[in-house]
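The values are calculated or read from the model by the stated rules, or taken from the named source; none is laboratory data. These figures come from a predicted structure and were not determined experimentally. Cβ: placed from backbone, ideal geometry, glycine included. Neighbour counts: every protein chain shown. The accessibility values were calculated without ligands, DNA or RNA, using every heavy atom of the protein model including side chains. Shrake-Rupley method; radii C 1.70, N 1.55, O 1.52, S 1.80 Å.
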Amino acid sequence: MPSEPIYMETVSAPTNIACVKYWGKASVEHNTPINSSVSVTLDQSDLRAVTTAAASKSFPTDRLWLNGTEEDGAATSKRFRACVDGVRRLATDRIDPDTGAVVVKAEDWTTMNVHVASYNTFPTAAGLASSAAGYAALVAALAKLFNARESYPGELTAIARQGSGSACRSLYGGFVAWRKGGAKEDWSDSIAEQVASETHWPEIRAIILVVSDAKKDTSSTAGMS
């Protein structure tokens, strides 16, 4: 009996540093902020998350590896599930770029589980926005894998911020605003959008000094709760 095919995509995503910060949650359930924020996206030459997402009917469950170590309980993690299920709802047919043939029908993605492997080129959970880069890369990789199509502009950023709030800003380069939203009951208007391109301020530089690469005692999520 032939084995089931495995479909795979790899992407990378940058970190971002807030110029106008937010601190505190308007909605813990939807992971939305009490105020809007603006950040600058850093160049990926030094700091980036690289993520591979694969899908297959042969995978018995969803799994996640971070920096070479499998994350226990990832399949049921609220943040991981929000990203995987959110992007999968936007899935369309996967098309072979050479022949134009449909390789996977949109409805067939629901019959597959995903395996995700991600690594950071910088210290993880040490205050350098690793979760922003990681969840942005996760959403971008899944979107490419599932050939996802947004139903409104910025929908993928709304999905990414359910994984990590500032991840929504890492889906764009340059200067990015995260609109706090709240006019819509489901907070779907809490999205990120680019406000200036990466060429807007070509002289700007970010100097990063890593005093410790140890994991933070208190995560940003816990600190804002």
**Item:** Given charges at Cβ of Lys, Arg, Asp, Glu: region 1-134 dipole, positive-most of Ser12, Pro33, His115
**Value:** Pro33
**Message:** Calculate the FRET efficiency for Ser3 and Asp108 from the Cβ-Cβ distance with a Förster distance of 25 Å, rounded to the nearest 0.05.
**Reply:** 0.95
**Fill in**
Over the chain, with neighbouring protein chains present, the accessible area per residue in Å² at probe 1.4 Å is 53
**Asked** At Ile207 and Val195, where each label point lies 7 Å from the Cα along Cα→Cβ, what is the point-to-point distance in nanometres?
**Response** 2.6
**Message:** Tell me the carbon and sulfur percent of the accessible area for the chain, rounded to whole percent, probe radius 1.4 Å.
**Reply:** 52
**Request:** Under 11 Å from the Cβ of Asn31, count the other residues' Cβ atoms, weight Lys and Arg +1, Asp and Glu -1, and hand me the total.
**Result:** +3
**Asked** What does the convex hull of the Cα atoms of the chain come to per residue, in Å³, rounded to a whole number?
**Response** 144
**Prompt:** Using a simple charge model, +1 on the beta-carbon of Lys and Arg, -1 on the beta-carbon of Asp and Glu, nothing else, what dipole does region 10-123 show about its Cα centre, in debye to the nearest 20?
**Reply:** 360
**Request:** Within 10 Å, count the other beta carbons around each residue, average over each peptide in 66-75, 143-152, 94-103, and list them highest first.
**Result:** 143-152, 66-75, 94-103
**Asked** What percent of all Cα-Cα pairs in region 1-114 falls in each 5 Å bin, counting up from 0?
**Response** 2, 8, 13, 17, 17, 17, 13, 8, 4, 1, 0, 0
**Length gained when the stretch Thr69-Cys19 is fully extended (0.36 nm per residue, less Cα-Cα span)** = 14.7 nm
**Complete:** Helix 130-146 sits off the longest principal axis of the Cα atoms of the chain, rounded to the nearest 10 on a 0 to 90 degree scale, by 30
**Fill in**
Total charge of the residues flanking Tyr152 in space, meaning their Cβ is under 14 Å from its Cβ, with Lys and Arg +1 and Asp and Glu -1, is -1
**Fill in**
Per its Cα gyration tensor (rounded if a/c is under 1.5, else prolate when a/b beats b/c, else oblate), region 55-187 is best filed as oblate
**Request:** Quote the charge dipole size of the chain about the Cα centre in Debye, to the nearest 20; the model charges only the Cβ of Lys and Arg (+1) and of Asp and Glu (-1).
**Result:** 520
**Prompt:** Can you give the accessible area of Tyr135 in Å² (nearest 10), computed on protein heavy atoms with a 1.4 Å probe?
**Reply:** 40
**Item:** Most positive-pole-ward Cα, Ala183, Ser131, Leu156, against dipole of region 126-199 from beta carbon charges
**Value:** Ser131
**Helix-only [θ]222 nm of the chain, DSSP H runs n ≥ 4, -39500 (n - 2.57) each, per residue, nearest 500** = -5500 deg cm²/dmol
**Folded to 0 to 90 degrees: helix 78-88 orientation relative to the chain principal axis, Cα** = 60
**Message:** Among Ala106, Gly24, Ala53, which residue has its Cα furthest toward the positive end of the charge dipole of the chain, with +1 on Lys/Arg Cβ and -1 on Asp/Glu Cβ?
**Reply:** Gly24
**Prompt:** What is the dipole size for region 93-193, taken about its Cα centre, with +1 at each Lys and Arg Cβ and -1 at each Asp and Glu Cβ, in debye to the nearest 20?
**Reply:** 400
